[in-house]
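The values are calculated or read from the model by the stated rules, or taken from the named source; none is laboratory data. Owing to the predicted nature of the structure, the values given are computational and were not obtained by experimental measurement. In this analysis, Cβ positions are derived from the backbone assuming ideal geometry, glycine residues included, and neighbour counts consider all displayed protein chains.
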Amino acid sequence: MTLAAGLAATLTLGLLGATPPASATPDGAEDRATTAAAPARKIDLTRWDSTKRLRRGKLTGTRLDQGRVVFDQRVRTRRHAGAPYDVAHWTSPWRSPGFSFTELIASWSARTPGNSWIEVQVRGRTAGGSRTNWDTLGRWASGDRHLRRSSVSGQDDDGTSVNVDTWRTGGLASYQVRVALLRRSGTSVSPSIDLVTAMTSRLPATAGATSRPGSAAGTVLGVPRYSQMIHRGHYPAWGNGGEAWCSPTSTSMVLGYYKSLPKPRAYRWVPKGHTNPWVDHAARMTYDHAYDGTGNWPFNTAYAAPRAGKAFVTRLRSLRDAERFIGAGIPLVVSIAFDRGQLDGAPISSSNGHLLVIRGFNKAGNVVVNDPAAAKNKGVRRTYRRDQLEKIWLEASGGLTYVIHDAAHPLPKRVGPW
């Protein structure tokens, strides 16, 4: 289990930089959020999520329609799993985060009707102008009838490599993201995307001093409580439930908060008597057949995005950043790892990769969470010490976070003073 997918969870809007977040930038501008909260802690998030932003990219066989990039016409044909598919593309402009980045995680929101799917790729460029090859980050579809959803680890032929959901480099100056939209040849379905993000980072190994409580102290959001453990033994083909399902369980809790869980017909295949059957559904629809798990970070946000409205992966600098989201009514899914004695009150003694939901903060600034590792739903809500949770979050995953929100809960407009 890698800390790029086994931990499962991230974001950096204007939260993390000297400039405001997306919602505060001029319309059509790319979002930039570079942070220096601690020495060498650098994070940048770019989002293409509107007609004006998506128009900055190159359309090849695609067209823009009301904020979506839509398959328009075939530019080539390729075979996958023995079948022919027509292909079209959207390619981002070259993007420089302003520092030499060592990791990149992409996110997306897509519709893939019928026998259609998308493939997300990335390439980089050095400060001297040399380009890397295109590497594939994932092949994704909203369903699993026609495509075995999968990441593509490896591809380490040019100084870069893919580790499940994370593109790793020795230090690059800029990058491009390319999304291929594919549909079975001879059909007329139209796959489309309405959000592409790329989070780049270069991080120190240590968390630094614990952040002080901020404006969200005393605010706790009404996130429903779901246990992953009550699903132990469910569906070996999709991870077997229990310890393996922290990510889809956490994602489902946030969707439940927004009242955006799938309709019962979507999980009618789950036997009667299964508690919280929508978690079984989420596990199936986030399962990465190459990684053999449900902890692929962007697969989880891609599952959540069309249901809630928007969702993406990023990194945050500290719990002060997380408080700003809680203040805006947005719970967060975060990725942690810890050894025995590092997280008081946890339902498990240790984990090399775990996801949980930050739902708020008590008046002392300690963190109120929904931890799906509890044995039953009623034990999911916990309060963890601020210093302990912040350390095992920042040092294990670099502050990795799923940001999932709906139209009624827009992203924080201003998060300064940095």
Check: Does Met285 count as touching a strand residue (DSSP E or B) at 6+ places or on another chain (Cβ under 6 Å), in the same structural domain as Asp321 (by TED's automatic domain parsing) and of a type in the set (A, V, I, L, M, F, W, C)?
Finding: no
Item checked: Failed condition for Thr136, given (1) of a type in the set (Ser, Thr, Tyr); (2) farther than 30 Å from Ser188 by Cα; (3) touching a strand residue (DSSP E or B) at 6+ places or on another chain (Cβ under 8 Å) -> (2)
Notebook entry, point to check: Which of the residues belonging to region 215-238 are part of a loop (DSSP other than H, G, I, E, B) and in contact with a strand residue (DSSP E or B) (Cβ under 6 Å, 6 or more places away or on another chain)?
Noted result: Ala216, Ala217, Thr219, Leu221, Val223, Arg225
Checklist line | Matching residues, region 190-203, being outside any strand (DSSP E or B) and either in contact with a helix residue (DSSP H, G or I) (Cβ under 9 Å, 6 or more places away or on another chain) or hydrophobic (A, V, I, L, M, F, W, C) (or both) | finding: Leu203
Notebook entry, point to check: Can we say Arg320 is within 26 Å of Pro97 (Cβ to Cβ) and either at pLDDT 95 or above or touching a His at 6+ places or on another chain (Cβ under 6 Å) (or both)?
Noted result: yes
Next item on the list: Would you mind finding the one in Ser151, Ser190, Ser211, Ser227 that is more than 18 Å from the chain's Cα centre (by Cα), within 19 Å of Gly295 (Cα to Cα) and among the polar types (S, T, N, Q)?
Entry: Ser227
Next item on the list: Taking only region 94-121 into account, find how many residues are among the polar types (S, T, N, Q) and out of contact with any strand residue (DSSP E or B) (no Cβ under 6 Å at 6 or more places or on another chain).
Entry: 1
Next item on the list: Sort out which residues of region 151-187 are surrounded by fewer than 19 Cβ atoms within 10 Å (Cβ to Cβ), in a strand (DSSP E or B) and touching an Asp or Glu at 6+ places or on another chain (Cβ under 7 Å), and write them in order of number.
Entry: Arg168
Next item on the list: With respect to Asp165, determine if the residue is closer than 24 Å to Gly57 by Cα and acidic (Asp, Glu).
Entry: yes
Check: Any residue at all in region 346-359 that is surrounded by fewer than 22 Cβ atoms within 10 Å (Cβ to Cβ), of a type in the set (D, E, K, R) and either at pLDDT 95 or above or not assigned by TED's automatic domain parsing to the domain that holds Arg386 (or both)?
Finding: no
Note to self: I need every pair where a residue in region 267-293 that is modelled with pLDDT under 95 has its Cβ under 8 Å from the Cβ of a residue that is of a type in the set (D, E, K, R), sequence separation at least 6 or different chains.
What the structure shows: His274/Asp280
Check: Does Pro306 qualify as being more than 22 Å from Lys378 (Cβ to Cβ), modelled with pLDDT of 95 or more, in contact with a Lys or Arg (Cβ under 9 Å, 6 or more places away or on another chain) and in a helix (DSSP H, G or I)?
Finding: yes
Check: Within region 245-292, can you find the residues that are under 30 Å from Gly360 (Cα atoms), more than 18 Å from the chain's Cα centre (by Cα) and either in a loop (DSSP other than H, G, I, E, B) or of a type in the set (Asp, Glu) (or both)?
Finding: Lys259, Pro262, Lys263, His274, Thr275, Asn276, Asp280
Next item on the list: Restricting attention to strands (runs of 3 or more DSSP E) lying wholly within region 44-113, give those where 3 or more residues are in the same structural domain as Gly124 (by TED's automatic domain parsing), surrounded by 15 or more Cβ atoms within 10 Å (Cβ to Cβ) and among the hydroxyl-bearing types (Ser, Thr, Tyr).
Entry: 101-111
Next item on the list: Within region 188-216, work out how many residues are of a type in the set (A, V, I, L, M, F, W, C) and surrounded by fewer than 18 Cβ atoms within 10 Å (Cβ to Cβ).
Entry: 3
